[in-house]
Amino acid sequence: MYWQEVPYRVTSVLRSVAQSRDLFSARRVPLKAADAAWGKAWCRMPSSQESARAVLDVAKEVLDGRLSVFGRAVPMRDGVPDWNADPVTGVRIPSTFGLYLDFRHVGAGIDIKFLWEVNRHLWWLPLAQSYALTGSMECLERIRALLTSWLDACPYALGANWCSPVEHGIRLINWSAVWHLIGGSKSALFRGDAGQRLLQRWLESIYQHIRFASDNYSLYSSADNHLIGEAAGVYVAAHTWDCWTQTRSLRNEAKAILEREALRQFGPDGVNHEQAIWYQKFALQFLLTCGLCARASGDDFTAAFWDRIEAGSTFMASLMDCAGRMPAYGDSDDSEVWRFGHGAGFSSYRSFLALSAVLFARADLQAKVESIDKSPDPQTGWLVGDVVPAADPSALAALPRTFPHGGYLVIGDALHSPQEFRATFDCGPLGANRVAGHGHADALSVTVSWAGESLLIDSGTYCYNAAPELRHFFRGTRAHNTLVVDGLDQSEYGASFLWLRDVNCKLLEQATEGAQWAHASHDGYMRLPDPVTHHRRVSLCPDGGALLTEDWLDCRESHDIELFWHAAPGTSLLPSDDGVWTVSASGRSLRITIEGAEVDASVVSGRESPPQGWASSRFYEREAAPVLVVRGRLSPGQVLSSRIQREYDVSASSERVAR
């Protein structure tokens, strides 16, 4: 832990006590500055109306009182939810002082994320977009009802919506987008005495949001995407509503934090240090919002700040397969900072690449976007304009394959083409800030896709707080395509968002031409009485040859091992007479041969206790998925190899074409 952690935590407690007693609080909102002003819009109505139908359809759902969060319907009354009730169980969270709430343990079976997702107000955006497109007073009146009810139900500093400052950051950003799309201070929402009273109430809450986020910044081991989100909300809000002298210094402080954290939390190769691909995009959405707001306001960030956004986008393009899928490294909770795009098949990953292609005039990123789907991205026009760069498919070959700071390698052939074969090798750290809150114990894991078909996968996340045993499983080593030694995770599990030991990975050697290969190791098992270093070498023979993974242990004694190969849901994983295991899906097959040690192998799928054989592609959804479990014992230096050979099943492909 950081040496500053203890005084920081003590100070946080004292600050919370002071705020609860109305000291240093924002309960009393200052008068507006004499030169108060309204900021310029960082989002706009697109010149093209191609995405209008999807926007109007989603707005109609909201008007009809239909809203779902992580696949669960949110109860509504007259189109308004209970802002302080868990939408899954209906349990109301007490309206006590927010910073005193233990949001990880608010009640049995309750995950606060469901309530927070409702209160982030992303789902207000379609109403504002629909109003911008059509002038629908029904949409504007629903925004009035939602805003009024929220202000009534969630007074300053009380309840679950005042216990985590990053939620304030997200809410401020969505409020800012709604504000701009409905016409800002000149909106019909604020006409008449009642409208002016609503405006005043909203501004008071905005000031209190800015103060709450900036008064309670997440620091040290908590300084991850939360700190970026908190500062982003403060920065955007203080520009949008430049009404108080006090918030201008907070805006400058937030900008300095964002400049620093963009470089601290993203490496020069673009990889976010939390080692979680969904949070990679989530943090980039915060940074992009601030960048757009800054440029609209004449307060731009440095070139280094923008370079990190561009590098982060390039990393995502490199890891994305030809079907637009990303390997599910680290935590994913399906959260977004905003969502301007709607409709069937919308992909926020593809959309972010489309935004980046326009911002950075990148022909390769545009080619990646169009290789997945030729249709225009539905978000781009709302944020950066409808004019896109010309795509250059030939430039895709130059996308990087090695990310030395983040610890990822892409090995494959025909990459970024419809017939690509790709293996992604994770040889990066456990996570960020020594606690690795969103990291998984997945060192040296390998995922494999072929022609856009995910065959050997990362199992995903599934949940955070409501199912501790499943949370541990999905974060643990047994949920990943790597080696378990002596029945232990690579690190010591502390809690849902805490690992007690760092795991240090090293990329020792690699070759990227001809027979591509890489050799890496990690020290997660050095804590054993007989310290162990796990080595893995991953090789791809040229011209459609086999992918070979070789595992060995640097130690003094023999150790029990388990090797896992997780197949995607819906695939078959079957043995053959010659002892080879075959993973098959959509006419693509991988033959897995285990050699080099005496082992037992079996397939597990959908086992509840202890959990095994599960995959989660969406938050709080899981499916049974076959996993090949290989058990044995390895002597020092003994090599356990897994030969993964591609086979094209002509008959299955023909049958699929016939259907």
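The values are calculated or read from the model by the stated rules, or taken from the named source; none is laboratory data. This is a predicted model, so every value here is computed, not measured. All Cβ positions, even for glycine, are placed from backbone atoms using ideal geometry, and neighbour counts span all protein chains on display. Only protein heavy atoms, including side chains, enter the accessible area calculation; ligands, DNA and RNA are left aside. Shrake-Rupley method; radii C 1.70, N 1.55, O 1.52, S 1.80 Å.
Taken over the alpha carbons of the range 267-318 as equal point scatterers, the Debye sum produces base-10 log I(q)/I(0) values at 0.17 Å⁻¹ of -0.49. A dipole drawn for the range 32-165 from +1 and -1 charges on Cβ atoms has a positive end, and of Leu133, Gly107, Pro155 the residue lying farthest that way is Leu133. Partners of Lys32 within straight-line reach, counting aspartates and glutamates whose Cα lies under 16 Å from its Cα and excluding those fewer than 8 residues away in the same chain: Glu204, Asp242.
Along the charge dipole of the range 447-509, pointing to its positive end and built from +1/-1 on Cβ of Lys, Arg, Asp and Glu, which listed residue (Phe473, Phe497, Ser454) has its Cα farthest out? After comparing all options, I get Phe497. For the range 468-608, the alpha carbon convex hull comes to 151 Å³ per residue, rounded to a whole number.
If you place +1 on the Cβ of every Lys and Arg, -1 on the Cβ of every Asp and Glu, and leave all else neutral, what size is the dipole of the chain about its Cα centre, to the nearest 20 Debye?
Working: 62 positive and 76 negative charges, 467 e Å.
Magnitude of the dipole: close to 2240 debye.
The range 242-284 and the range 36-97 have Cα centres lying 25 Å from one another.
When peptides 546-553, 69-76, 466-473 are ranked by their average number of other Cβ atoms within 10 Å per residue, the highest-first order is 546-553, 466-473, 69-76.
With Cβ to Cβ distances under 15 Å as the rule, what net charge do the other residues near Ala397 carry (K, R +1; D, E -1)? Numbers along the way, then the final one.
On the way: positive: Arg362, Lys368, Arg401, Arg422; negative: Asp364, Asp392, Asp413, Glu420, Glu513.
Residues close to Ala397 contribute a combined charge of -1.
Could you check how much of the accessible area of the chain is carbon and sulfur, as a whole percent, using a 1.4 Å probe?
Values: 12810 of 24650 Å².
The C+S portion of the solvent-accessible surface of the chain is 52 percent.
Counting every Cα pair in the range 377-425, what percent are over 12 Å apart? Each step should come with its number before you reach the end.
Details: 857 of 1176 pairs.
Above the 12 Å cut-off, the range 377-425 has 73 percent of its Cα pairs.
For the range 569-586, the Karplus equation 6.51 cos²θ - 1.76 cosθ + 1.60, evaluated at θ = phi - 60°, returns couplings of x, x, 7, 9, 9, 10, x, 10, 5, 8, x, 9, 9, 10, 9, 9, 6, 6 Hz by residue, with Gly and Pro reported as x. The H on the amide N of Gly412, modeled in the peptide plane, is under 5 Å from the matching H of Ala423, each at least 5 residues off or on a different chain.
For the range 1-159, count the residues as N, evaluate 2.2 N^0.38 Å, and divide the Cα radius of gyration by that value, please.
Numbers: Rg = 19.6 Å, N = 159, 2.2 N^0.38 = 15.1 Å.
The reported ratio for this selection is 1.30.
State the label only: which of [x] 118, 82, 56; [y] 95, 76, 42; [z] 82, 56, 46 corresponds to Cα extents along the principal axes in Å computed from the shown model? It is the one labelled [z]. Note: the range 56-132, Cα convex hull, 98 Å³ per residue.
Compute the separation of the alpha-carbon centres of the range 586-630 and the range 104-160 and state it in Å as a whole number. Taking the Cα centre of the range 104-160 as reference, the centre of the range 586-630 is 40 Å away.
Taking the Cβ of Gln196 as the centre, find all other residues whose Cβ is under 14 Å away and add up their charges (Lys, Arg: +1; Asp, Glu: -1).
Details: positive: Lys32, Arg144, Lys186, Arg191, Arg197, Arg201; negative: Asp193, Glu204.
Result for the local shell: +4.
Charging the Cβ of each Asp and Glu at -1 and of each Lys and Arg at +1, and nothing else, the dipole of the range 20-62 about its Cα centre rounds to 260 debye. The listed peptides 212-221, 34-43, 188-197, ordered by packing as a protection proxy, come out as 212-221, 34-43, 188-197 (highest mean of other Cβ atoms within 10 Å first).
When you count the other C-beta atoms within 10 angstrom of each residue and take the mean per peptide, 102-111, 77-86, 432-441 line up highest first as 432-441, 77-86, 102-111. What separates the Cα centres of the range 541-577 and the range 376-440 is a distance of 25 Å. Take every Cα pair under 8 Å whose residues are at least 6 apart in sequence, average their separation, divide by the length of the chain, and the relative contact order is 10 percent. Against the chain, whose longest principal axis is taken from its Cα atoms, helix 348-359 shows a tilt of about 70°. Could you compute the net charge surrounding Ser149? Neighbours are other residues with a C-beta less than 11 Å from the C-beta of Ser149; K and R count +1, D and E count -1. The answer is 0.
Can you list, largest first and rounded to whole Å, the semi-axes you get for the range 87-246 by taking the square root of 5 times each eigenvalue of its Cα gyration tensor?
Numbers: eigenvalues 143, 71, 42 Å².
Three semi-axes, in Å: 27, 19, 14.
Entry note: the range 340-425 has Rg to Rh equal to 1.00, where both radii use alpha-carbon atoms and Rh is the Kirkwood radius.
Between 0 and 90 degrees, the angle of helix 303-319 with respect to the longest Cα principal axis of the chain falls at about 40 degrees. With a cut-off of 14 Å, note down the residues of the range 427-463 whose backbone N falls inside the zone around a label point 7 Å from the Cα of Tyr648 toward its beta carbon. Correct set: 450-452. How far is helix 277-296 tilted off the main Cα axis of the chain, in degrees rounded to 10, range 0 to 90? Tilt relative to the chain: about 40 degrees. Rounded to the nearest whole Hz, the Karplus-based 3J(HN,Hα) values (6.51 cos²θ - 1.76 cosθ + 1.60, θ = phi - 60°) of the range 535-552 follow the sequence 10, 9, 10, 10, 10, 10, 6, x, 6, x, x, 6, 8, 10, 10, 10, 10, 8, with x at glycine and proline. Across the cross-link table entries Lys113/Lys186; Lys40/Lys374; Lys113/Lys281; Lys60/Lys255; Lys281/Lys506, which are compared at the Cα atoms, the separations over 28 Å belong to Lys113/Lys186; Lys40/Lys374; Lys60/Lys255. Since only Gln516, Phe190, Pro393 are under comparison, the one whose Cα sits farthest along the positive direction of the charge dipole of the chain, derived from C-beta charges on Lys, Arg, Asp and Glu, is Phe190. Over the C-alpha trace of the range 546-659, radius of gyration and Dmax come out as 16.2, 57 angstrom. When shorter helices are ignored and each DSSP H run of at least 4 residues is given -39500 (n - 2.57), the per-residue value for the chain at 222 nm works out to -11000 deg cm²/dmol. Taking the inverse of the mean 1/r over every pair of distinct Cα atoms in the range 343-489 gives a Kirkwood hydrodynamic radius of 17.6 Å.
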